[in-house]
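Visitor: Provided herewith is a single structure, encoded as structure tokens, for subsequent inquiry.
The values are calculated or read from the model by the stated rules, or taken from the named source; none is laboratory data. This is a predicted model, so every value here is computed, not measured. Don't worry about glycine lacking a Cβ; one is built from the backbone with ideal geometry, like all the others, and counts go over all protein chains shown.
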Amino acid sequence: MKLTYNIPTPKPTNVDSMYDEVVKLVQETGMASSSLIQRKLKLGYARSARLLDELEENGIVGPANGAKPREILIPHNVDGEMVIPKKQTEVVKEEIEEELASWKKTKYADGKSDSFEVEIGLDKDNKKVSLDLSKYQNLLVVGNKFTGVVDFLNNVLASSMAKYSPDELRIIAMDGIRNDLIIPNKIPHSLVPTIVDLEKGISALKWAVCEVERRLKVFGELGEQDIKEWNNNTGFTGMPNIVIVINSLEQFLLFSPAEIEDNICHLMLIGKKAGVFFVIGVDPIFLRKYKTILSNNAVKLVFKTVDKSTAKSFGTSEAVDLDSPNKAILNVLFEENKEIEIEKIEPKKIYGEIFE
């Protein structure tokens, strides 16, 4: 079948999941401002502003009026109870059954090791470097938009899907900047279509937390031989490894910092035993604010940084002197740093070879 790459424009869905909380906050305080929502509910500015628009559409608050506060149109009722109007009618999604592409084993799947590895690039001796995710679980890819972060993430996606069958690997791709990630539509590795809607990113992470907890419960009921089988990466039917690839994590954090950080950190703490891993691309300046995410990662791939202070904060002082956007420093806990060059590959060519 012919592969397509266009990401459909998201259709309207329910109002925001924090809608009721915002209504309650506005009615209790008698104030309606995005700064209040940000501060009290720990949401990003864009999401807070969008929630205010939803309240306006539902007749709870009045329109913006310059520097003046919005009018509260529906306060508490006389008995002190909340009056929360019904949310806008949900738009029913069209369910269209579409045939998935078939994966075929090619040269890329030859010589796989027993561990679950992703390809990093070439070292100074032109030797291939891989990272064992089953050992380290997470990889932070640190760099701004002028470096090769997006190219690297696309390399990981294409090479991993070429190496591992859908029975061994499933992908959740969250693209903070629409169309950066190159992934064909309707392929068996994708648990969901590429996520470009920021709120859907929260839902995907919450689903992953539930899936990890479900798997851990199942593992608790398994015998010793079954656990050994999982550890050898042969997997169980219906329980492949899951890699969550996030491009521009900062976009999701700006939208809802508390929810995104909490769910990612929870997955980083418990996901390894359940075969759930992260490869995350993030801007270095932004990442420095999120110490919890940093502290739960033993491996960082750091592209050129703008100053020595930033490079040093990631344990990669050499990163400031890199002379190419496709070079990075691989920092692995308790190991010496390595300079890596990202290989030039053509993801669409690989997808054309492995899917039919």
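Visitor: Got a number for residues in region 332-345 being farther than 19 Å from Asn155 by Cα and in contact with a helix residue (DSSP H, G or I) (Cβ under 9 Å, 6 or more places away or on another chain)?
Guide: Of the residues in region 332-345, 3 are farther than 19 Å from Asn155 by Cα and in contact with a helix residue (DSSP H, G or I) (Cβ under 9 Å, 6 or more places away or on another chain).
Visitor: Mind checking whether some residue in region 39-54 is among the small types (Gly, Ala, Ser), surrounded by fewer than 16 Cβ atoms within 10 Å (Cβ to Cβ) and touching a Leu at 6+ places or on another chain (Cβ under 7 Å)?
Guide: Yes, some residue in region 39-54 is among the small types (Gly, Ala, Ser), surrounded by fewer than 16 Cβ atoms within 10 Å (Cβ to Cβ) and touching a Leu at 6+ places or on another chain (Cβ under 7 Å).
Visitor: Return the residues of region 300-356 that are surrounded by 17 or more Cβ atoms within 10 Å (Cβ to Cβ) and among the aromatic types (Phe, Trp, Tyr); say none if nothing qualifies.
Guide: Phe303, Phe314, Tyr351, Phe355
Visitor: Another question, if that's okay. Counting residues that are of a type in the set (D, E, K, R) and assigned by TED's automatic domain parsing to the domain that holds Ala173, which strands (runs of 3 or more DSSP E) fully inside region 238-356 reach at least 2? Break it down stepwise before answering.
Guide: Numbers: elements: 241-247, 276-282, 299-303, 327-332, 338-341.
Qualifying strands (runs of 3 or more DSSP E): 338-341.
Visitor: Can Gly315 be described as more than 20 Å from Asp151 (Cβ to Cβ) and out of contact with any Phe, Trp or Tyr (no Cβ under 8 Å at 6 or more places or on another chain)?
Guide: yes
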